[in-house]
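Input: a single structure, listed below in structure tokens.
The values are calculated or read from the model by the stated rules, or taken from the named source; none is laboratory data. Note that the structure is predicted; figures quoted are calculated from it, not measured. Every residue, glycine as well, gets a Cβ built from its backbone with ideal geometry; the counts of neighbours run over all protein chains shown.
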Amino acid sequence: MNMTSKFVKLLSTLLVLFAAKFSYALTPLVDDALSDVSGQSGLTVEMNTHGTTTIDEFRYTDENLDPDELIKGGSLSLRDIKLYSTKFSVDFDVTATEAILKLNSFSVTDMSFGAIQFNYDPTLAKINPLVLSSEAQKKSHYGGVGALYVNDFTIHKDAGISFKINTAGDFLFNTLLPAGSFFYLTYTDDDYDANGDSTFAFDTNGDGETSTDDIVGKNYISAKVVFDDFNIKDITFSGKEDGAGAYLEVTLGDTDGAIAFNDININGKVIGSAGLENIKTDPVSYLHIRGH
Amino acid sequence: MMKNTKSIFILAMSLLVATNSASAMQSIDEDTLRDLTGQSGVDIDINFKGTVGRIYFSTKGKDISNNDVTNTLNFRNFSIDTDGTNHGANSDRAIKVKLDLVEKGLKSGLAAVITNINDLDLKFEQFNVNGDSGSGAIAGEAGSPMHSYGGLSLLNINDHNGETNVNFFARGKSGKEGMQMEIQLPKLLTLNLKYTDYGSDNTNNNTTKDDDFSFSGDLALNNFTVENSIDLITGKNAKGEDVGGLHIGVITQTGDITLSNMKAGSQAGTMGRMVINGYRMTPESYLTIQGK
């Protein structure tokens, strides 16, 4: 058994375990539906989360060591990550040359990063304007750079998003987002006031109300990100070299279509729309990524 | 795949060995410490050659008959080549980027050190307002008015073995909201600048025609540093009008600029050299972008 086969077997096992975890959400097939099945193989995994999935903090730490201590290592925290009522399904199949994981369906969803923060210290009390704050409190509070919200994330039913592992050992990513795929992107600068309360309501959905799936904040910039047959072809990921010289090679495939940022809105006033069309990448392009 | 799996296995075993051998670790002397620039973080080699067919910014307004109109600024055929001299997966000289999360005095954030800029080419083939908005080849004036301002090329950008520092910081313990962007160019950065105003018979902007007008020169930037604050703000001016928006403040902008070998059109000689020494923008100058 070669490495690719082992990896496919491992991935299959993980998918089965993953499917088992969410099996309570699967709907049993009735006999009539079963009679339409014509002996196809492969695996379909449907995930359906009810309510809100929350991650309090995702932290990446960079442990630099500078002998003069003018520059120290830092950390980046994504706090209060929320994923609302998600439903999607993926097909998993294996052919003679590749294993394919393909997005089959995706329902409209919202997600948010409540605070993007450098060097966050969760042990410190929030700043109270009535009490003199410590340097450490200020550092932790003002290390925040805002919050990010993705609302009404919609992927058109004809979209093609897939991950492949081929027998050459490459990991390939392809995505086609037809017209009808979009999301609202909002960045808020002052998400919370000094008391931790939100101070501003914004109707992200444009549906006339600001209570459901909308965001709050004081200063914000938002846009509707719209895709039009946006196609990223064959981004490959592969490990290269061994030992100290090892690196991850990312080759950049070609791109078609357009991506637009419609109705760019700063604090409730639209400044215009912007976009990119017909992005072409030469095959010689690559990224080599390694640690130091 | 084999190399991937081997790398992961070696990494995992190394971590286990390192953990189990922690008690046997020896202290590092000071001379060795001075050579350390970071214990973690990411190094990226970038080789990119590609084109964006159209980048646009559009606003909505009214014409003289009070009809709704959309006016668009188009940047057409913007191309990037990180090594304009060579072309090939093995011959191109990649630009090197070192990324670290750092804490630097009162600020903390993402620090990038960029080196090995040998022959970076950036070209904007055409700027126009309400002209051809296609994302393919640029048509001639004879077909339809281009409303063109011409094209701009920045070729052979070279850092002369220096390093460019780009930092995105939260303003941290300084007690100020927003982000701070710092760009410190290498001691010497040179490039060839060329502006072309296309003539009426132009059918292919890649080929200089007799009726094209061009202005070119060799630009050198010495010790150029830019530090800006970026913040979303809300407020009112003395008249009670809303003045909030995207606020870009100047903290520092200094450097020396030299434009030599200036040449206009097809003249035989050059127009000499222009030097701006000690350019310094007043701190607290700012630019605010807001909708109407």
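Scanning the range A:251-273 for residues that are aliphatic (A, V, I, L, M) and within 9 Å of chain B (Cβ to nearest Cβ) returns A:Leu252, A:Ala258, A:Ala260, A:Ile264, A:Ile266, A:Val270, A:Ile271. Looking for something basic (Lys, Arg) and not in a strand (DSSP E or B) - is there at least one such residue anywhere in the range A:87-100? Looking for residues that are basic (Lys, Arg) and not in a strand (DSSP E or B), one finds none in the range A:87-100, hence no. Note on the range B:240-292: residues that are closer than 30 Å to A:Ile266 by Cα, surrounded by 14 or more Cβ atoms within 10 Å (Cβ to Cβ) and among the acidic types (Asp, Glu) amount to 1.
Residues checked against (1) in a loop (DSSP other than H, G, I, E, B); (2) closer than 20 Å to A:Gly272 by Cα; (3) out of contact with any Phe, Trp or Tyr (no Cβ under 8 Å at 6 or more places or on another chain); (4) modelled with pLDDT of 85 or more:
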site: B:Ile248; (1), (2), (3), (4): no, yes, no, yes
site: B:Gln253; (1), (2), (3), (4): no, no, no, yes
site: B:Lys263; (1), (2), (3), (4): no, no, no, yes
site: B:Ser266; (1), (2), (3), (4): yes, no, yes, no
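Would you point out the residue of the range B:92-106, among those that are outside any strand (DSSP E or B) and at pLDDT below 80, that is surrounded by the fewest Cβ atoms within 10 Å (Cβ to Cβ)? Don't jump to the end; show me each part of the working.
We begin by selecting, within the range B:92-106, every residue outside any strand (DSSP E or B); these are B:92-94, B:105-106.
Those still in the list that are at pLDDT below 80 too: B:105-106.
Values: B:Gly105: 12, B:Leu106: 17.
So, considering only residues that are outside any strand (DSSP E or B) and at pLDDT below 80, the one surrounded by the fewest Cβ atoms within 10 Å (Cβ to Cβ) is B:Gly105.
Only one of these is buried (at least 18 other Cβ atoms within 10 Å of the Cβ), within 12 Å of another protein chain (Cβ to nearest Cβ), part of a helix (DSSP H, G or I) and not hydrophobic (A, V, I, L, M, F, W, C): A:Ser133, A:Ser140. Name it. Even if it seems obvious, please write down each step before you answer.
Working: A:Ser133 fails: part of a helix (DSSP H, G or I).
So the residue among A:Ser133, A:Ser140 that is buried (at least 18 other Cβ atoms within 10 Å of the Cβ), within 12 Å of another protein chain (Cβ to nearest Cβ), part of a helix (DSSP H, G or I) and not hydrophobic (A, V, I, L, M, F, W, C) is A:Ser140.
Filtering B:Thr51, B:Thr70 for residues that are in a strand (DSSP E or B) and more than 30 Å from B:Lys96 (Cα to Cα) leaves a single hit, B:Thr70.
Taken over the range B:107-119, the criterion of being within 18 Å of B:Thr51 (Cβ to Cβ) and assigned to a loop (DSSP other than H, G, I, E, B) is satisfied by no residue.
Results for (1) surrounded by fewer than 19 Cβ atoms within 10 Å (Cβ to Cβ); (2) touching a residue at least 12 places away in the same chain (Cβ under 8 Å); (3) touching an Asp or Glu at 6+ places or on another chain (Cβ under 8 Å), shown as yes or no for each residue.
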residue	(1), (2), (3)
A:Tyr220	no, yes, yes
A:Val226	no, yes, no
A:Lys233	yes, yes, yes
A:Phe237	yes, yes, yes
A:Asp242	yes, no, no
A:Leu252	no, yes, no
A:Val270	yes, no, yes
A:Ala274	yes, yes, no
A:Glu277	no, yes, no
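For the range A:110-130, filtering for residues that are more than 18 Å from A:Gly73 (Cα to Cα), β-branched (Val, Ile, Thr) and surrounded by 12 or more Cβ atoms within 10 Å (Cβ to Cβ) leaves 1.
Considering the conditions (1) modelled with pLDDT of 85 or more; (2) surrounded by 17 or more Cβ atoms within 10 Å (Cβ to Cβ); (3) under 26 Å from B:Asn165 (Cβ atoms), B:Ser58 is excluded by exactly one of them, (3).
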